[in-house]
Amino acid sequence: AGIYVDRSNQEGYAHLAGMFQDHPERFPLITGKRIPLTGDQRYQPCTSNPDVIALMRATADAFLSQRMRAGDEFTLFNDDGTGWCQCPYCAALDPPEEKELRFVSTRFWIFANVLLGPLVDRHPDIKLGAIAYQNFQRAPVGVTPDPRLYVHKAYNRRCYRHALDDPDCPVNRVFHEYFQEWSRLGNASYTWDQVDASAMKYMPTEHTFINQLKAFHE
C-alpha cells in the first residue's frame with residue numbers, strides 16, 4: 001500500500017486516513033502541523049521521509065511489474081497542487097536561489113532519483129521519468145537528475161500569442177530559459193503543451209505552434 005491514491009479512490013483515502021493516525025510523520029508539515037492527504041490534492045507527502053520513499057518505491061515496483069509492458073512509459077507526478085512539506089529535513093534540501101523563488105525543483109529531483117533510480121535496473125524495458133511542473137518547472141540547481149530518467153516538461157502557463165523564443169515576451173522569456181536549462185542537463189525529454197488553456201478557442205495559434213517546433217529543434 002502506497003502513500004498516493006487516485007483522487008476518486010475513496011477506499012484509498014480511507015487507507016490514508018488510517019495511516020495518518022498511525023504515522024503522521026509521513027504527511028506534510030504545514031505551518032507547524034501535520035496535514036492529511038485528501039482528494040483536493042493541495043499537498044504532497046513528506047518526501048524526505050524514508051518510509052514514504054520505501055512505500056512509494058514498492059508501490060511503483062508492483063505497478064511496473066503487474067500493469068506495464070516493454071516500451072511503456074511511467075512518469076512520476078506530484079499531487080496536483082503546490083503545497084510541499086515544511087519540515088526541517090525537506091526544507092534543508094532547497095537551495096537558497098530556489099527558496100527565494102519558492103521553487104522545489106531540487107527536492108523533487110532528489111526524491112525522483114532515490115525513488116525511481118533503483119527501479120531502472122529492475123525494469124530496463126520500461127521508460128521511467130518524472131514531470132517538471134508547477135513550482136518545480138525549472139531544472140534543479142542542487143542535484144543532477146539521474147541521466148537514465150526522462151523529463152516530462154509541463155509548461156501550461158506558456159504564452160501562445162508570442163513565439164517561444166520571443167525575447168520581448170516576458171512570459172515566454174522565462175520558459176525559454178527553462179527549456180535551455182534542461183537542454184544543458186541532457187536528459188531525454190518531451191514537452192506537454194496545454195494549448196486549450198491559451199484561449200485557443202478565441203484566437204489562431206497555428207503560426208506560434210509551428211515556430212515553437214522549430215525552436216525545439218534548435
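The values are calculated or read from the model by the stated rules, or taken from the named source; none is laboratory data. Worth saying up front: this structure is predicted, and the values here are computed from it rather than measured. Because the Cβ atoms are built from the backbone with ideal geometry, glycine has one as well, and the counts that use them run over all protein chains shown. These area figures cover heavy atoms from the full protein model, side chains too; ligands, DNA and RNA do not enter into them. Shrake-Rupley method; radii C 1.70, N 1.55, O 1.52, S 1.80 Å.
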Qualifying position, being in contact with a Pro (Cβ under 9 Å, 6 or more places away or on another chain), assigned to a helix (DSSP H, G or I), open to solvent by less than 30 Å² (accessible area, probe 1.4 Å) and hydrophobic (A, V, I, L, M, F, W, C), among Ala139, Ala130, Ala112: Ala112
Residue list for the range 142-195, filter: open to solvent by 30 Å² or more (accessible area, probe 1.4 Å) and acidic (Asp, Glu): Asp165, Asp166, Asp168, Glu177, Asp193
Scan of the range 30-48 for residues that are surrounded by fewer than 20 Cβ atoms within 10 Å (Cβ to Cβ) and either modelled with pLDDT under 95 or on the phi < 0 side of the Ramachandran plot (or both), ordered by number: Ile30, Lys33, Arg34, Ile35, Pro36, Thr38, Gly39, Asp40, Gln41, Arg42, Ser48
First in the range 122-140 and more than 17 Å from Glu97 (Cα to Cα), second anywhere and open to solvent by less than 20 Å² (accessible area, probe 1.4 Å) and of a type in the set (Gly, Ala, Ser), Cβ under 8 Å, 6 or more apart: Ala130/Ala112; Ile131/Ala154; Ala132/Ser105; Ala132/Ala139; Ala132/Ala154; Tyr133/Ala154
